[in-house]
Amino acid sequence: MSNRLQGKTAFVTAAGQGIGRATAEAFAREGAKVIATDLSTELLAGLRGQANIVVEKLDALDAAAIADAARRHAGVDILFNAAGYVHHGSVLDCTEEEWQFAFDLNVRSMYRTIKAFVPGMLARGNGSIVNVASGASSVKAAANRFVYAATKAAVIGLTKSVAIDFITKGVRCNAICPGTVESPSLRERMTALSKKSGQSYEQVEAMFIGRQPMGRLGTADEIAAMAVYLASDESRFTTGTTMLVDGGWSL
């Protein structure tokens, strides 16, 4: 630990597992006070009691709950938006309900958290917002990621817009675009795709790994390392960027 975030307060969504959890833990190791939130209190249980971390249940689709959290945590310096869901399929597979849910969770939740926490950052003249986008977005096309890619392209646009609007006010906004990252949710998607396609789990797993040029999946800790950099003062001249952490997938 090098205390790169000492004295800062971070608010993290979807902190129960995967990238959100790894980032909450990395922020805490670097000295930040972390408010780790998730819809699932069971997933948050593993964070409870860790140094520098407090846990709270939060539905990222609940505008009132987000606004209340911002009121209660008025001193947030770092906002890490990790809440999201990956739908599988093309435009022909996407229902109206799936389209609505994807944009509500993957994009509107970020709009709500940013709108809630930015006023406090502006009042202090300092803040770092980090949004989880994806390589599957406006960066690169991926088969059967229609609505997911559309939402993540929107996240990139949202990120750049927030960055330019507050570029002289001390508030920065950046996006991380991961490739395929090992996580419980990825394993769930592998299982679901195996059942749906008739392929074995091993075949589906090999497909996900095979599309990564490095021949392996990324790790949540590798994404969290970029998040720490973007949250820290080391990146104070960096805003509006899409930081690719994808093992060369987008090359």
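Does segment 49-73 hold any residues that are modelled with pLDDT of 95 or more, assigned to a loop (DSSP other than H, G, I, E, B) and surrounded by fewer than 22 Cβ atoms within 10 Å (Cβ to Cβ), and which are they?
First, the residues of segment 49-73 that are modelled with pLDDT of 95 or more: 50-73.
Narrowing further to those that are assigned to a loop (DSSP other than H, G, I, E, B): 50-52, 58-62, 73.
Of everything in segment 49-73, those that are modelled with pLDDT of 95 or more, assigned to a loop (DSSP other than H, G, I, E, B) and surrounded by fewer than 22 Cβ atoms within 10 Å (Cβ to Cβ) turn out to be 50, 51, 52, 59, 61, 62, 73.
Among the residues making up segment 221-251, those that are among the acidic types (Asp, Glu) and part of a helix (DSSP H, G or I) are 221, 222, 233, 234. Quick check: anything in segment 203-220 within 20 Å of residue 130 (Cβ to Cβ) and either assigned to a loop (DSSP other than H, G, I, E, B) or hydrophobic (A, V, I, L, M, F, W, C) (or both)? For segment 203-220, residues within 20 Å of residue 130 (Cβ to Cβ) and either assigned to a loop (DSSP other than H, G, I, E, B) or hydrophobic (A, V, I, L, M, F, W, C) (or both): present.
Is segment 8-22 home to any residue that is part of a loop (DSSP other than H, G, I, E, B), surrounded by fewer than 19 Cβ atoms within 10 Å (Cβ to Cβ) and among the aliphatic types (A, V, I, L, M)? No: segment 8-22 contains no residue that is part of a loop (DSSP other than H, G, I, E, B), surrounded by fewer than 19 Cβ atoms within 10 Å (Cβ to Cβ) and among the aliphatic types (A, V, I, L, M).
Looking across segment 74-110, just one residue is β-branched (Val, Ile, Thr) and part of a helix (DSSP H, G or I), and that is 107. Is at least one residue of segment 206-220 surrounded by 13 or more Cβ atoms within 10 Å (Cβ to Cβ), aromatic (Phe, Trp, Tyr) and either farther than 27 Å from residue 153 by Cβ or in contact with a helix residue (DSSP H, G or I) (Cβ under 6 Å, 6 or more places away or on another chain) (or both)? Within segment 206-220 (the criterion being surrounded by 13 or more Cβ atoms within 10 Å (Cβ to Cβ), aromatic (Phe, Trp, Tyr) and either farther than 27 Å from residue 153 by Cβ or in contact with a helix residue (DSSP H, G or I) (Cβ under 6 Å, 6 or more places away or on another chain) (or both)), the answer is no, since none of the residues qualifies. The number of residues in segment 74-112 being charged (D, E, K, R) and either within 17 Å of the chain's Cα centre (by Cα) or at pLDDT below 95 (or both) comes to 4. In segment 97-115 there is at least one residue matching the filter, namely being of a type in the set (D, E, K, R), under 23 Å from residue 170 (Cα atoms) and free of Cβ contacts under 8 Å to residues at least 24 places away in the same chain.
I'd like the residue in segment 33-48 that is over 18 Å from the mean Cα position of the chain (by Cα) and under 21 Å from residue 225 (Cα atoms) and, out of all such residues, is surrounded by the fewest Cβ atoms within 10 Å (Cβ to Cβ). Let's see the steps before the verdict.
Here is the first cut: in segment 33-48, the ones over 18 Å from the mean Cα position of the chain (by Cα) are 33, 41-42, 45-46, 48.
Filter once more, so that each one left must be under 21 Å from residue 225 (Cα atoms): 33, 46.
On the way: 33: 22, 46: 13.
Of everything passing the filter in segment 33-48, 46 is surrounded by the fewest Cβ atoms within 10 Å (Cβ to Cβ).
Pairs meeting the criteria (first residue in segment 1-13 and touching a residue at least 40 places away in the same chain (Cβ under 8 Å), second residue among the hydrophobic types (A, V, I, L, M, F, W, C) and part of a loop (DSSP other than H, G, I, E, B), beta carbons under 6 Å, at least 6 apart or on different chains) are 5/32; 8/32; 9/76; 10/32; 11/76; 13/60; 13/82; 13/83. Exactly one residue among 144, 81 is on the phi > 0 side of the Ramachandran plot and touching a residue at least 24 places away in the same chain (Cβ under 8 Å), and that residue is 144. Please go through segment 150-178 and pick out each residue that is surrounded by 23 or more Cβ atoms within 10 Å (Cβ to Cβ) and assigned to a helix (DSSP H, G or I). If the condition is that a residue be surrounded by 23 or more Cβ atoms within 10 Å (Cβ to Cβ) and assigned to a helix (DSSP H, G or I), then 151, 152, 155, 159, 162 are the ones that fit. Each residue in segment 111-149 was checked for being under 29 Å from residue 96 (Cα atoms), assigned to a helix (DSSP H, G or I) and in contact with a strand residue (DSSP E or B) (Cβ under 7 Å, 6 or more places away or on another chain), and 5 pass.
The values are calculated or read from the model by the stated rules, or taken from the named source; none is laboratory data. Since we're looking at a predicted model, the values are computed, not measured. Cβ atoms come from the backbone with ideal geometry, glycine included; neighbour counts cover every protein chain shown.
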